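S.K.: Structure below; questions to follow.
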Amino acid sequence: MGNKKKQIAIVWANPYNKNLGVGALAYSALALLNDVLQEDNIEADLHFFGTSQVGQDHIEVNGKKIHFSTVYGMNFFKLKSLIKLVLFPNRFKTSRILSYDLIFDIAEGDSFTDIYGDKRFWNILNSKRFFSLLGRKQVLLPQTIGPFNKEVHEKAAFKAMQKLEMVISRDRQSYAYTQKFLPESMLAESIDVAFYMPYDRQFFSTDKIHVGLNISGLLWNGGYTKDNQFNLQSDYKKLILNFLDYFTALDSVQVHIVPHVVPKDHPVEDDYQVSEAIIKDYPQAILAPRFENPIEAKGYIGGLDFFSGGRMHSCIAAYATGVPVVPMAYSRKFNGLFVDTLAYNYMGDCVNTDEQQVMNEILDGFNDRETLKAAVQKGLSEIVAPRLTELKKILSLVVKKSL
């Protein structure tokens with residue numbers, strides 16, 4: 001492997017992201033790769049590309065400090081980005097970017113798609129094209145692949161993927177999609193890496209049933225376009241208010257509103273801002289804190305007795321901690337993970353059914369939460385744990401082969 005210490009980049013994962021789902025992916029990918037390197041006795045520096053800060057830092061996971069460096073994300077095929085790299089190499093860490101030996105790209109878990117708009121699609125795609133031009137080996141960590149609603153995007157995406165070492169899907173639908181265009185030898189199906197992230201479970205009083213609700217600021221505001229961007233058949237606002245009306249009226253229940261995307265400077269997607277406004281009409285509910293990191297959020301959710309939400313990683317946090325959960329799905333990433341991969345059929349489909357049908361699914365899940373809890377435990381032991389073990393083996397082989 002040579003004497004030079006190898007440089008490994010985790011691309012499009014931001015440990016500082018106040019979308020705590022994206023933060024969870026960053027923490028988990030870092031912990032996962034650090035464990036693989038330690039178990040294989042490989043020395044390498046770890047880096048994040050696509051963060052909101054630049055510098056050196058560390059996080060503590062399971063009592064271990066993991067050190068890393070961070071670099072801003074950019075669209076390499078924009079003239080403005082190239083000017084930054086050439087004229088301001090110290091600020092934008094040009095030499096560091098060019099030093100990466102191996103790239104693990106997680107695309108924020110679900111952003112290798114065009115459902116969030118053209119700008120994000122090209123940002124996520126063009127890093128792959130750039131590192132391919134440099135001859136760097138790249139692996140897509142477990143993520144949702146697609147959908148690509150525009151044919152030009154689909155063609156460009158799969159052309160870029162053909163040059164990668166491996167494409168790992170986190171769900172059956174994404175895996176089946178990639179099978180149509182890519183050779184089987186470069187494909188794998190795994191599980192969302194956020195299941196790997198540790199947590200400290202919070203404990204609440206036992207005199208109430210603690211029901212958690214995540215209100216997605218993005219869905220509440222109609223998406224980035226503010227005009228029902230995700231084509232929901234459900235009236236999301238009505239669904240949320242129906243949920244709160246029902247559960248806050250039950251003497252046996254304590255409702256917790258749990259924001260999971262908490263950026264103070266992006267009101268269109270800030271769960272906390274929306275939750276803070278709504279809770280004024282439901283003073284008997286508890287508003288969870290504006291969490292500092294995804295480990296705090298996972299620990300809080302892990303202390304609840306039942307959970308539902310529109311942010312997928314808030315629902316993953318519930319499932320991963322053994323909490324019965326009924327997601328409020330707004331894209332196929334939910335179906336792909338929960339229904340197809342985890343064989344977990346308890347879900348409200350906000351795209352294809354109205355808000356009353358979704359509410360009925362939530363109520364059925366709440367009333368039968370012991371059955372849901374058993375299904376979660378079965379999935380954790382029979383699906384999640386084996387897939388995480390297999391993922392570590394895959395990553396170990398990739399690292400040994402590539403470095």
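The values are calculated or read from the model by the stated rules, or taken from the named source; none is laboratory data. For clarity, every value in this text was computed on a predicted model and none was experimentally measured. Neighbour counts run over all protein chains shown; Cβ positions are idealised from the backbone, glycine included.
S.K.: Pairs, please: C-beta under 6 Å, at least 6 apart or cross-chain, first residue closer than 12 Å to residue 394 by Cβ and in segment 160-174, second in a strand (DSSP E or B) and small (Gly, Ala, Ser)?
M.R.: Once the first residue is closer than 12 Å to residue 394 by Cβ and sits in segment 160-174, its partners that are in a strand (DSSP E or B) and small (Gly, Ala, Ser) give 168/188.
S.K.: Counting only residues that are among the polar types (S, T, N, Q) and not in a helix (DSSP H, G or I), how many does segment 69-123 have? Break it down into steps so the answer makes sense when it comes.
M.R.: Here is the first cut: in segment 69-123, the ones among the polar types (S, T, N, Q) are 69-70, 75, 81, 90, 94-95, 99, 111, 113, 123.
With not in a helix (DSSP H, G or I) added as a condition, the list becomes 69-70, 75, 111, 113.
Within segment 69-123, residues that are among the polar types (S, T, N, Q) and not in a helix (DSSP H, G or I) number 5.
S.K.: Here are some conditions: (1) more than 28 Å from residue 33 (Cβ to Cβ); (2) charged (D, E, K, R); (3) in contact with a strand residue (DSSP E or B) (Cβ under 8 Å, 6 or more places away or on another chain). Residue 192 meets all but one. Which one does it not meet?
M.R.: Exception for residue 192: condition (1).
S.K.: Which of the helices (runs of 4 or more DSSP H) found entirely inside segment 140-226 contain at least 2 residues meeting this: surrounded by 14 or more Cβ atoms within 10 Å (Cβ to Cβ), at pLDDT below 95 and not assigned by TED's automatic domain parsing to the domain that holds residue 329?
M.R.: 172-179
S.K.: Further question: Anything in segment 339-367 that is over 20 Å from residue 245 (Cα atoms), out of contact with any strand residue (DSSP E or B) (no Cβ under 6 Å at 6 or more places or on another chain) and either of a type outside the set (Gly, Ala, Ser) or outside the structural domain of residue 219 (by TED's automatic domain parsing) (or both)? List them, or say none.
M.R.: Hits for segment 339-367 are 339, 340, 341, 342, 344, 345, 351, 352, 353.
S.K.: For segment 53-68, name all the residues that are touching a Lys or Arg at 6+ places or on another chain (Cβ under 9 Å) and not in a strand (DSSP E or B).
M.R.: 54
S.K.: Scan segment 223-280 residue by residue and report those that are more than 22 Å from the chain's Cα centre (by Cα) and acidic (Asp, Glu).
M.R.: Correct list: 227, 235, 245, 251, 276.
S.K.: For a quick check of your reading of the model, give me the residue pairs whose first member lies in segment 97-114 and is within 17 Å of residue 189 (Cβ to Cβ), whose second is part of a helix (DSSP H, G or I), with beta-carbon atoms closer than 6 Å and at least 6 apart or on different chains.
M.R.: These pairs meet every condition: 106/25; 106/29; 107/124; 109/25; 110/333; 112/124.
S.K.: For segment 324-344, what are the residues that are modelled with pLDDT of 95 or more and over 18 Å from the mean Cα position of the chain (by Cα)?
M.R.: 324, 344
S.K.: Just to be sure before I move on: is residue 319 in contact with a helix residue (DSSP H, G or I) (Cβ under 8 Å, 6 or more places away or on another chain), surrounded by 24 or more Cβ atoms within 10 Å (Cβ to Cβ), touching a residue at least 60 places away in the same chain (Cβ under 8 Å) and among the aromatic types (Phe, Trp, Tyr) in the structure I sent?
M.R.: yes
S.K.: Moving to a separate point now. Please go through segment 108-151 and give me each residue that is of a type in the set (A, V, I, L, M) and more than 21 Å from residue 395 (Cα to Cα), ordered by number.
M.R.: So in segment 108-151, the residues of a type in the set (A, V, I, L, M) come out as 115, 124-125, 133-134, 139-141, 145.
Correct list: 115, 124, 125, 133, 134.
S.K.: For segment 231-241: of the residues being surrounded by fewer than 19 Cβ atoms within 10 Å (Cβ to Cβ) and not charged (D, E, K, R), which is farthest from residue 324 (Cα to Cα)?
M.R.: Taking the candidates together, the pick is 231.
S.K.: Further question on the same structure: If you scan segment 330-344, which residues turn out to be in contact with a helix residue (DSSP H, G or I) (Cβ under 8 Å, 6 or more places away or on another chain) and either within 15 Å of residue 147 (Cα to Cα) or without any contact (Cβ under 8 Å) to a residue 12 or more places away in the chain (or both)?
M.R.: Answer for segment 330-344, where residues must be in contact with a helix residue (DSSP H, G or I) (Cβ under 8 Å, 6 or more places away or on another chain) and either within 15 Å of residue 147 (Cα to Cα) or without any contact (Cβ under 8 Å) to a residue 12 or more places away in the chain (or both): 330, 332, 333, 334, 335, 336, 337.
Here is a yes/no grid of residues against (1) exposed (fewer than 12 other Cβ atoms within 10 Å of the Cβ); (2) at pLDDT 95 or above; (3) of a type in the set (A, V, I, L, M, F, W, C); (4) over 26 Å from the mean Cα position of the chain (by Cα):
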{"site": "53", "(1), (2), (3), (4)": "no, no, no, no"}
{"site": "60", "(1), (2), (3), (4)": "yes, no, no, no"}
{"site": "73", "(1), (2), (3), (4)": "no, no, no, no"}
{"site": "77", "(1), (2), (3), (4)": "no, no, yes, no"}
{"site": "89", "(1), (2), (3), (4)": "no, no, no, yes"}
{"site": "92", "(1), (2), (3), (4)": "no, no, yes, no"}
